[in-house]
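Take a look at the structure below.
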Amino acid sequence: MSLTLAEYRMWLDGTQARCWQRPHPLAAWQMQSFVGTPEAALAELLDGARGRVSLRLGGSLAPTVCLPWLDGLHQPGDWQGYARQWLSRHFGGEPEDWLACWQWQPAGRNTLACGVRLAHWQVWRALLQRLSLLSVRPVWPLLAQRHRPPRQVTQTLLLRDGDVLQWLLHEQGQWQQGGILRVEAGLARQAVLDRLAELSIPLVLPRWFSLDDTASQPFVWSES
């Protein structure tokens with residue numbers, strides 16, 4: 001007799017979480033919300049759980065940077081160090097405090113990179129030791145690549161992800177710049193637009209995305 005494992009899919013941000021779970025593949029997904037730290041969310045929502053889990057990380061936990069192309073970087077270790085330096089510069093800590101990943105691009109083209117703090121990852125992994133970890137992925141780079149504008153289109157993509165707003169500008173066939181800023185829960189879009197304008201953030205044909213809590217499936221980010 002085969003053993004059917006329960007499945008859990010979790011979105012984690014700095015101050016909140018969502019956990020979808022089902023006891024077997026034919027069951028409907030059930031979603032729980034949690035307000036608190038990622039560590040508290042993992043401990044509370046997965047208390048005593050066994051099975052398989054996939055994680056998606058919000059921008060406050062896995063921030064994204066747009067790395068300008070740099071000649072002379074040929075090995076994965078070179079790009080790892082380059083990404084860590086940028087994460088350290090923009091989000092604090094030392095380069096060695098970060099675990100970084102990036103998307104390979106042809107020579108001469110900018111690339112997206114993101115990272116998580118090593119200390120956070122070690123705590124999360126310990127809390128998940130009774131589960132089979134299927135994947136851990138940042139939300140924004142995957143979503144941005146999925147909705148990447150055509151080469152000739154200049155456009156700004158924005159993701160309202162928990163208590164942060166992430167943005168990327170696509171221009172001249174590649175990602176040119178991006179950033180992340182805090183936004184209060186419930187802040188109206190016009191107020192967010194006013195803040196972006198104050199910061200001189202380029203808004204060209206903006207497309208907005210956010211987590212869809214009403215979807216019957218987990219990990220659905222819809223245009224809003």
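The values are calculated or read from the model by the stated rules, or taken from the named source; none is laboratory data. As the structure is a prediction and not an experimental result, all values here were calculated from the model. Cβ atoms come from the backbone with ideal geometry, glycine included; neighbour counts cover every protein chain shown. With ligands, DNA and RNA removed, areas are computed over all heavy atoms of the protein, side chains included. Shrake-Rupley method; radii C 1.70, N 1.55, O 1.52, S 1.80 Å.
A few points about this structure:
- Residue check for D78: modelled with pLDDT under 95, of a type in the set (D, E) and either part of a helix (DSSP H, G or I) or within 15 Å of the chain's Cα centre (by Cα) (or both): yes
- Number of residues in region 15-30 that are part of a strand (DSSP E or B) and either surrounded by 17 or more Cβ atoms within 10 Å (Cβ to Cβ) or out of contact with any Asp or Glu (no Cβ under 7 Å at 6 or more places or on another chain) (or both) equals 7.
- Counted as qualifying within region 114-224 are the helices (runs of 4 or more DSSP H) with 2 or more residues that are in contact (Cβ under 8 Å) with a residue 24 or more places away in the chain and within 17 Å of the chain's Cα centre (by Cα), namely 118-127, 139-146.
- Filtering region 85-103 to residues that are within 20 Å of G14 (Cα to Cα) and either surrounded by 15 or more Cβ atoms within 10 Å (Cβ to Cβ) or of a type in the set (G, A, S) (or both) leaves L87, S88, F91, G92, G93, D97, W98, L99, A100, C101.
- Count of residues meeting criterion [among the aliphatic types (A, V, I, L, M) and loosely packed, with under 13 Cβ neighbours inside 10 Å] in region 66-84: 1
Listed here are the residues, each with its yes/no results for (1) more than 24 Å from L165 (Cβ to Cβ); (2) part of a helix (DSSP H, G or I); (3) of a type in the set (S, T, Y).
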{"residue": "A41", "(1), (2), (3)": "no, yes, no"}
{"residue": "E44", "(1), (2), (3)": "yes, yes, no"}
{"residue": "D47", "(1), (2), (3)": "yes, no, no"}
{"residue": "V53", "(1), (2), (3)": "yes, no, no"}
{"residue": "G59", "(1), (2), (3)": "no, no, no"}
{"residue": "C66", "(1), (2), (3)": "no, no, no"}
{"residue": "Y82", "(1), (2), (3)": "yes, yes, yes"}
{"residue": "S88", "(1), (2), (3)": "no, yes, yes"}
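- Per the listing L127, L211, the residue uniquely in contact with a Gly (Cβ under 9 Å, 6 or more places away or on another chain) and open to solvent by 30 Å² or more (accessible area, probe 1.4 Å) is L211.
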